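Encoded as structure tokens, the structure appears first; notes follow it.
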Amino acid sequence: MADPTMRQPRDACPRCRQSVGLPWWKLLPSRDNKRVLTCQACGGHFDLSNACKMASIVGGMLGMVLAMLFPFQWIVSAGHASKASFAAGIAVAALGIGLGATTAARLTLQLEAKG
């Protein structure tokens, strides 16, 4: 029998309590409200909690603000506002959004069972 005082990993399946094998891109914000993920250990269905989804959205927005304020402006001004510097700045901003969203979701990660 498992010891109830033992800490479980944050990505533990709500059913079998094993790690679900959650890929990082599933932590990005999604518009799919009926998304169902499958545990690789037991085959049970789960999804991220609503709090985790909201944290991912807010983290992505914060990442976008920080990326647009600092690296985007620095890259564009260093490139003298050329098309290539705008493209590089947008790529850095997109990475900032992804980094902010996945970091916030990982910090607040909670899984809930689905159907």
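Could you give me the ³J(HN,Hα) list for the stretch 26-41, computed from phi with Karplus coefficients 6.51, -1.76, 1.60 and θ = phi - 60°, whole Hz, x at Gly and Pro?
Values, residue by residue: 6, 8, 6, x, 9, 8, 7, 6, 9, 5, 10, 9, 10, 5, 6, 7 Hz.
May I ask you to give the percent of accessible area on the chain that is carbon plus sulfur, with a probe radius of 1.4 Å?
65
Count the lysine pairs in the chain whose Cα atoms sit under 14 Å apart, keeping only pairs 8 or more residues apart in sequence or on different chains.
Lysine pairs satisfying the spacing and distance rule in the chain number 4.
How large is ³J(HN,Hα) for each residue in the stretch 61-74, as worked out from phi by the Karplus curve 6.51 cos²θ - 1.76 cosθ + 1.60 (θ = phi - 60°), to whole Hz, x for Gly and Pro?
5, 5, x, 5, 4, 5, 5, 6, 6, 10, x, 4, 5, 5
Any chance you could run the full-extension gain for residue 33 through residue 78? It's 0.36 nm times the residue separation minus the Cα-Cα distance, nm to one decimal.
Computed gain between residue 33 and residue 78 is 12.1 nm.
To the nearest 10 square angstrom, what accessible area does residue 24 show with a 1.4 Å probe?
Probe radius 1.4 Å; accessible area of residue 24 about 150 Å².
Please list, ordered by chain and number, the residues whose modelled amide H lies under 5 Å from the amide H of residue 19; skip anything fewer than 5 residues away on the same chain.
So residue 19 has HN proximity to 13.
For a quick check: with amide H placed at 1.01 Å from N, whose amide H comes under 5 Å from residue 44's, ignoring anything fewer than 5 positions away on the same chain?
39
Check which residues have an amide H placed less than 5 Å from residue 108's amide H, if you skip close sequence neighbours.
Answer set, sorted by chain and number: none.
Given points 7 Å out from each Cα along the Cα-Cβ axis, report the residue 18 to residue 107 separation in nanometres with one decimal.
Placing both labels 7 Å beyond Cα along the Cβ direction yields 3.2 nm.
Using 0.36 nm per residue of separation minus the Cα-Cα distance, give me the extension gain between residue 61 and residue 114 in nm, one decimal.
This chain segment gains 16.3 nm when fully extended.
If you take the alpha carbon radius of gyration of the chain and divide it by 2.2 N^0.38 Å, what ratio comes out, to two decimals?
Ratio of Rg to 2.2 N^0.38 Å for the chain: 1.37.
Give me the angle, in degrees from 0 to 90, between the Cα long axis of helix 83-107 and the longest principal axis of the Cα atoms of the chain, rounded to the nearest 10.
Its long axis makes an angle of about 20 degrees.
Tally Lys/Arg at +1 and Asp/Glu at -1 over every other residue whose Cβ is under 12 Å from the Cβ of residue 22; what's the total?
Result for the local shell: +1.
Over the chain, give the accessible area per residue in Å² for a 1.4 Å probe, as an integer.
That works out to 67 Å² per residue.
The values are calculated or read from the model by the stated rules, or taken from the named source; none is laboratory data. Treat the numbers as computed from the prediction; the structure is a model and nothing was measured. Using ideal geometry, Cβ is built from the backbone for each residue, glycine included, and neighbour counts are taken over all protein chains shown. Surface accessibility is based on the protein's heavy atoms, side chains included, excluding ligands, DNA and RNA. Shrake-Rupley method; radii C 1.70, N 1.55, O 1.52, S 1.80 Å.
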